[in-house]
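FYI, it's all coordinate maths here, none of it is from the lab. Owing to the predicted nature of the structure, the values given are computational and were not obtained by experimental measurement. Virtual Cβ from ideal backbone geometry, glycine too; neighbours counted across all protein chains shown.
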Amino acid sequence: MATADLDAPALTGIRRLSALDTVRARIALAIELGLLKPGERLPPNGDIAQALGVAEITVRRALECLAEDGLIERRRGRGGGTLVAEHPPAERVREVGAYRESAAEVRELIDHRLVLESGLVQLVARRRPDVERLRALVARMDTATGWAEFHELDAEFHLTVAAPGPPAAVRQYEAVLTELYRFYLPYPLQKLRESNHEHAKLVKALSSGNRDAATRITRDHVGDLHRTMFVGLA
């Protein structure tokens with residue numbers, strides 16, 4: 001579904017950026033906020049590309065630029081790879097400002113997701129959700145090796161939860177989720193695993209048909225994005 005269908009303000013801040021600059025900005029902002037720590041190894045380019053929704057060549061070029069900016073280091077040989085610089089300079093990537101400028105739109109997207117997801121869960125709890133698939137996704141997120149892998153599984157989890165809902169509502173929810181994921185930043189795996197504990201609680205509530213508990217868990221899980229997304233960390 002096109003963004004114009006969402007009845008929300010245009011996300012002009014990031015829409016003016018090229019795909020390459022969005023990757024640079026997202027990784028740079030994660031470094032500035034301390035979500036990516038000095039010395040931390042980045043996932044393979046292909047994993048980053050899939051998680052951020054861009055081509056692998058775009059990631060390669062973005063990382064080359066970030067290395068020139070001094071935010072990351074490219075090391076060869078055993079134990080090498082792409083790592084966050086030990087002393088990354090601050091405010092080197094000006095495109096980060098486009099994300100900060102979009103804070104109001106991000107908050108509105110979070111609220112939009114909260115309304116849709118809470119309503120869908122109310123219905124889904126009585127419509128035989130695919131609990132076994134949800135449990136399998138929770139288990140895979142518990143063993144994910146990095147933020148890129150976790151992000152893909154997280155998206156699949158939430159769409160699986162919503163799937164039994166009314167098709168029109170599910171399509172609108174998927175469009176909002178897609179827009180919100182455009183602002184996704186790399187997060188520490190420990191924090192992501194904490195969010196997965198909430199996924200497990202939601203699956204338990206859905207498996208027992210406890211609509212009130214499932215709705216409460218969803219409301220807390222999504223509402224907490226106001227604190228845990230970059231708009232709450234800045």
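Tabulate in residue order the Karplus-calculated ³J(HN,Hα) for the range 145-160, using 6.51 cos²θ - 1.76 cosθ + 1.60 with θ = phi - 60°, rounded to whole Hz; enter x for Gly and Pro.
9, x, 5, 5, 5, 4, 4, 5, 5, 4, 4, 5, 4, 5, 6, 5
Which of the lysines could a cross-linker bridge to Lys37, judged by Cα under 16 Å and excluding same-chain residues fewer than eight apart?
Correct list for Lys37: Lys191.
Of the residues Glu198, Glu68, Glu108, which exhibits the maximal mean-square fluctuation in a Gaussian network model of the chain defined by a 10 Å Cα contact cut-off?
Glu68
With equal scatterers on the alpha carbons only and no solvent term, can you work out the Debye log10 of I(q)/I(0) for the range 102-233 at 0.13, 0.14, 0.15, 0.20 1/Å?
Once normalised to I(0) and log-transformed, intensities are -0.49, -0.58, -0.67, -1.24.
Let me test this: with uniform point scatterers at the alpha carbons of the range 82-144, what is the Debye-based log₁₀ I(q)/I(0) at q = 0.11 1/Å?
-0.59
Count charges around Arg94 for me, please; just the other residues with Cβ under 15 Å from its Cβ, Lys/Arg as +1, Asp/Glu as -1.
Numbers: positive: Arg16, Arg24, Arg26, Arg92, Arg100; negative: Asp21, Glu32, Glu68, Asp69, Glu91, Glu95, Glu101.
Here the charged neighbours net out to -2.
So what is the calculated 222 nm ellipticity per residue for the chain, using -39500 (n - 2.57) for each DSSP H run with n of 4 or more, over all residues, to the nearest 500 deg cm²/dmol?
Working: 13 runs with 151 residues, N = 234.
For the chain, the value works out to -20000 deg cm²/dmol.
Treating only the Cβ atoms of Lys and Arg (+1) and Asp and Glu (-1) as charged, compute the dipole magnitude of the chain about its Cα centre; round to the nearest 20 debye. Intermediate results must be reported in sequence, preceding the final value.
Numbers: 33 positive and 33 negative charges, 94 e Å.
Dipole of the chain, to the nearest 20 debye: 460 debye.
Pairs of Cα atoms under 8 Å, at least six residues apart: use those to get the relative contact order of the chain, whole percent.
Value for the chain: 27 percent.
For the residue pair Arg41 and Arg140, what label-to-label distance in nm results when each label sits 7 Å from Cα along the Cα-to-beta-carbon direction?
Each label point lies 7 Å from its Cα, and together they span 2.3 nm.
Work out which trypsin sites (Lys or Arg not before Pro) in the chain are exposed loop sites (DSSP not H, G, I, E or B, at most 14 other Cβ within 10 Å) and give the longest gap free of them. Each step should come with its number before you reach the end.
On the way: sites that count: Arg16, Arg76, Arg78, Arg94, Arg126, Arg127.
Of all site-free stretches, the longest is 128-234.
How long are the semi-axes of the equivalent ellipsoid of the range 155-234, taking √(5λ) for every eigenvalue λ of the Cα gyration tensor, in whole Å from largest down?
Computed over the range 155-234, the values are 22, 17, 11 Å.
Need one number: nm distance between label points at Leu159 and Arg216, each 7 Å from Cα along Cα→Cβ, rounded to one decimal.
It is 3.1 nm.
May I ask you to list the residues of the range 183-217 whose amide nitrogen lies under 12 Å from a point 7 Å from Cα along the Cα→beta-carbon direction of Arg126?
Answer for this model: 210-212.
Based on C-alpha coordinates, I'd like the Rg and Dmax of the range 11-96, in Å.
Just the Cα atoms of the range 11-96 yield Rg and Dmax of 12.3, 43 Å.
Mind giving me the nanometre distance, one decimal, between the label points for Asp111 and Arg16, set 7 Å out from Cα along Cα→Cβ?
It is 2.5 nm.
Which listed residue (Pro186, Leu159, Ala136) has the Cα farthest towards the positive end of the charge dipole for the chain, taking +1 on Lys and Arg C-beta and -1 on Asp and Glu C-beta about the Cα centre?
Selected residue: Ala136.
Could you pull out which residues in the range 133-156 have an amide N less than 17 Å from a spot 7 Å beyond the Cα of Thr178, following the Cα-Cβ vector?
Inside the label zone: 152, 155-156.
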